[in-house]
Every structure is written in structure tokens, then in C-alpha cells.
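Here's the structure, in C-alpha cells; my notes come after.
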There are 2 protein chains.
Amino acid sequence: MKQHEKIAMIGAGNVAWHLAPALEAGGHQITQVYSRQAAKAEQLARHLYQAKAQTHLDFSESEAELFIVAVSDDAITKVVQQMKLPSEALIVHTSGGQPLEALAKASTEHIGVFYPLQTFSQRRSVSFREIPICLEANDSDVLHRLIKLARSLSRQVKLINSKERALLHVSAVFANNFTNHLLRMAEQLMHDHQLDFSLLYPLIEETVAKARAVGPTQAQTGPALRNDEKTISHHVNQLNAYDPAYTEVYQAITRHIQTFSRSSREYHE
Amino acid sequence: MKQHEKIAMIGAGNVAWHLAPALEAGGHQITQVYSRQAAKAEQLARHLYQAKAQTHLDFSESEAELFIVAVSDDAITKVVQQMKLPSEALIVHTSGGQPLEALAKASTEHIGVFYPLQTFSQRRSVSFREIPICLEANDSDVLHRLIKLARSLSRQVKLINSKERALLHVSAVFANNFTNHLLRMAEQLMHDHQLDFSLLYPLIEETVAKARAVGPTQAQTGPALRNDEKTISHHVNQLNAYDPAYTEVYQAITRHIQTFSRSSREYHE
């Protein structure tokens, strides 16, 4: 079992920018960084110890033994088909939204998924120690190798198959994209009424802290949950006067809270 | 200007439970706690230094000079009409959803609003120092007295009129009730597929931290924002197979993200 991997990073976007330095910090070596755009490959390579930038996909002479494909979802299959790999190479992708089979046309039989469940952005550092790394592989040798690699980065290493990962991905859309959009909506509404959005931050932070402490089902409050139709219709009137598109979102979520609460979904006591 | 207020707390629910001890810690005296239910009034009164529990609304002999009405929104008007107050009493309510005029029928002309913008729950302590306290009053003497009181609790004291407070209240529904409901939806979806919801907590916490650091407009990502129709339709298929009510919420928010992004609302650069 390899302790330290020689790794080629395919892609120089947000995931690669965070993952490559974390892998180096975990004792691994990044040999190459690939991007179609030379400037992007070079920028990330300069940020690393010994990595070389490259803009072609011929890795047949590479000393890397592990190839991490961290490109956008719709580019994975195409990039992988074009890659020339050394024999016995292991190739993994980092996507929550793509199945293991997205790598089926790679010129190696050793394939896997190495999905760090986090949102990565430029100029925001995140600690990998607490990020769940979700692994999948097509054989147990590969899986054990990925477990070892993941454990060198994170305390949260999980085996998650493609079907589960797809569910996790849509759940993450609710928990990240959609919650953030609701914050955008609140920000916009307040901004347009000369109210400072930062007034809401103590509330937003307590919302998350409370959901974590007692679970979001126990934490739910508000007019929709208590069927306070008077407050709901007051809110609807306010939002209609502001922007009917806001009303649609308000009503869709309010209706769902009302039916969700009455259903048998309340598995927490 | 009074430095230390003698205060009667009208109500013994979550707001009263958090506010009364904070007021004592700020150097004020809680003289009485009112609740219709004797046990509730007594329970909170015992938690305080010298407060007496009472179940009737005759405060004509009370030594309190400030009456804080922290009852449910729909009870405010009725409770206030029934209260007998000493002369020159000041009465305030603590509601985000009610205008100043909810106190119009009080037997005093000194009325105000003292709205701490936070979600309060039993058994979760919160620090008042960072909670915005939103104030309104019908004259400047009252307002200055409330400012002094609020500053003895919090570093965030804001003057917010009834119309602004109503907007703040609906914004808080988006930022708290609705975001929490999305977390509930994610939790339920994962639970029903034997996935551990706690996998999402690093993502949820980074979502809020990033929104705070760069603003939620800059922080928005995901398939809806980038019009990734392939991923969206894959998510819709998954959710339809699970529960069509989930699809409705997914599509309502996705549509709004798509129109919101294309509109002129992008005031951040």
C-alpha cells in the first residue's frame, strides 16, 4: 500500500487549487498540473513544490501513478477519453454529480471517485481535516489506496456509491445553493428598503448553530409551521407589492412547510 | 434619564426567558413576571432575583415603570387592553411582526417597540451583545430611554420604524425559517437513503461563512446559476422518484435563481 502518492492534477479550477496544496501538506507529490489554458496550469504549478504545468493530455511518460480529474462535470468524459496514461495508472474524479462510470472510457481499468464534500472558492481557505471525503472504486485494492490517501487529508472518510453520491449532491444543492439564494433574496429585499443586511447575521448564524445542535426538524419555527395565516397573508401582501416572483418562492416553501409538518415525516420526537 | 429600569415582564415564553435575565445582567430590576399560567410565571420568576409571579393584569400598584410585552403576536392587543398601568408607565412590545400601533389601546401614551432580532429557544443560551435591538417610539424621550436600555444589553442598537420592521420580519423568515426548512428537506432526503445528514455540516457552515465574507450574491454557485440544464433535469428526475413535493420546491427556487441572475438585481460587481 502506497504511503505517498505521485499525483497528476487534471484541472486548475477551485477544487484543484484547494486539493493540490492539501495533498502536498499530506506528504504527497504533485508531479504535473494540466489545464487547457497554459496560464492557469502555470499559476497553480507555481503555487506547488515541484509540479510542472502542461496543456496536453499525453501522460504516457508521466511519473505520476494517480490522476485526479478535477474539471467541470460536463468535461470529465471528454478529457478522460483523450488522456494517455502510463500502465497501471489509477484515475479518479472529484465530482459529486457524476457516477464512477464517467471514467469508464479511461485507458486504465483502475478507476475511482474522490469527492470532497465542500464548496471551494478562490481566496477562501478551508481546512480539509473536517471535510467529508466520499470514496468509491471499482475494486478493493483501489478503494484501500484511496482510503489511505483520503485519511492523509481528512478525519471524515466515507464510502459512498454513485447512487448515494447523486442523492448527496442534490441534498447539497438544497443545503448550499438554495439556502444561499434565500440569503440573496433577503439581502436584496433589505437593500431595496435601505436596511442593512448585516442585521440578519446573528440570526443566520444561530439558525445554523441551532439546526446543528437540535437537528433542523426540531429547530423549525415560524408562521408557516404554526399555520399563522394572518402573518402569512401579511407577508404575501408585502412581497406582492415588492416583486411577485418573491411571492412565488415564499408560497412554494410555505406550502411545503405546511404539508411537511402535517405528514408522517416527523421522525424526530 | 433613567440608568436602571424597574421592569415588569409580560409573558413567560422564549423571548421573556432570554430577555429578563439579560436585563438583570444589564443592571435593571425585574419586579414582576406575568403569565396566564401560574406555573410558567413562577418558573421564570424563580429564575430571577426579586421578581414576583402574577396571573392578573392589574399593575396599577406596581413599582415597575417599564412594561415589556413579550407575548405571541396575536395576543398583544388583547393583553395590552386589559392591563391596568400606573400613571406615566412606558409600555413596549418585542415583536418583529407587529406595528407600534398594536399598543395604541394601552392606558398610557408612552409606547414603543423593543425588538431583539434573534430566534430564541429553550435551553439555548445566546449572547445579547451581538443581537440587533430594533427600537421605535412615539416620542423622543421614550426613544432615548429605550436606546439607553438597549445599549445596556447590546452593541447593535438600531432605530427601525414599523414599516421597516415588517420588511425585516419577512426577510428574517427567508433567512431563518426557510433556510432551516431547506436543511430539514435535505436531512429527510438523506435519512430516507441511509445517509448521515451530518456529512453536510461542513458545507452548511462554509455556506454561511462565505455569504458573510463575500456577500450572498457573490457566493451563489450551482447548476441553476450556471443554467446547467442537464444536472437540473437529473436532479428533477431523482426528486420526482422520491417525492414530487420536493420537485416543486426545487423547481420554484431554481426558476427564481435563473431569473434573478439574469435580472438587473446584480448590484454587486
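Worth a mention:
- Residue within region A:250-261 that is more than 7 Å from chain B (Cβ to nearest Cβ), open to solvent by less than 20 Å² (accessible area, probe 1.4 Å) and either part of a loop (DSSP other than H, G, I, E, B) or at pLDDT 95 or above (or both) present: yes
Residue by residue, here is whether (1) over 21 Å from the mean Cα position of the chain (by Cα); (2) open to solvent by less than 10 Å² (accessible area, probe 1.4 Å) holds:
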residue	(1), (2)
A:159	no, no
A:166	no, no
A:170	no, yes
A:173	no, yes
A:200	yes, yes
A:206	yes, no
A:223	yes, yes
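- Residue check, residue B:149 assigned to a helix (DSSP H, G or I), at the interface with another protein chain (Cβ under 7 Å from one of its Cβ atoms) and of a type in the set (A, V, I, L, M, F, W, C): no
- Taking residues in region B:154-178 that are more than 7 Å from chain A (Cβ to nearest Cβ), and partners anywhere that are of a type in the set (Ser, Thr, Tyr), the pairs with Cβ atoms closer than 7 Å and at least 6 places apart or on different chains are B:165/B:115.
- Every listed requirement among (1) at the interface with chain A (Cβ under 10 Å from one of its Cβ atoms); (2) farther than 22 Å from residue A:201 by Cβ; (3) open to solvent by less than 30 Å² (accessible area, probe 1.4 Å); (4) of a type outside the set (A, V, I, L, M, F, W, C) is met by residue B:121 save one, (2).
Residue-by-condition table, conditions (1) among the hydroxyl-bearing types (Ser, Thr, Tyr); (2) open to solvent by less than 10 Å² (accessible area, probe 1.4 Å):
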| residue | (1), (2) |
| --- | --- |
| B:4 | no, no |
| B:7 | no, yes |
| B:55 | yes, no |
| B:111 | no, no |
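- Residues considered: A:44, A:48, A:66. Of these, the only one that is within 26 Å of residue A:137 (Cα to Cα) and modelled with pLDDT of 95 or more is A:66.
- The one condition in (1) at the interface with another protein chain (Cβ under 8 Å from one of its Cβ atoms); (2) open to solvent by less than 10 Å² (accessible area, probe 1.4 Å) that residue A:195 fails to fulfil: (2)
- Search result, residues across region B:78-103 that are under 15 Å from residue A:230 (Cβ atoms) and open to solvent by 60 Å² or more (accessible area, probe 1.4 Å): B:78
- A search for C-beta distances below 6 Å between a residue of region A:9-21 that is without any contact (Cβ under 8 Å) to a residue 40 or more places away in the chain and any residue that is open to solvent by 10 Å² or more (accessible area, probe 1.4 Å) and in a helix (DSSP H, G or I), counting only pairs 6+ apart in sequence or on different chains, returns A:12/A:40.
- Only residues that are open to solvent by less than 20 Å² (accessible area, probe 1.4 Å) and either at pLDDT below 95 or not hydrophobic (A, V, I, L, M, F, W, C) (or both) were counted in region A:9-23, giving 1.
- The residue list B:247, B:221 contains one member that is out of contact with any Pro (no Cβ under 9 Å at 6 or more places or on another chain), over 18 Å from residue B:175 (Cβ atoms) and facing chain A (nearest Cβ under 7 Å), which is B:221.
The values are calculated or read from the model by the stated rules, or taken from the named source; none is laboratory data. In this text the structure is predicted, and so the values were computed from the model without any measurement. Here Cβ is always computed from backbone atoms with ideal geometry, including for glycine, and neighbour counts include all displayed protein chains. The accessibility values were calculated without ligands, DNA or RNA, using every heavy atom of the protein model including side chains. Shrake-Rupley method; radii C 1.70, N 1.55, O 1.52, S 1.80 Å.
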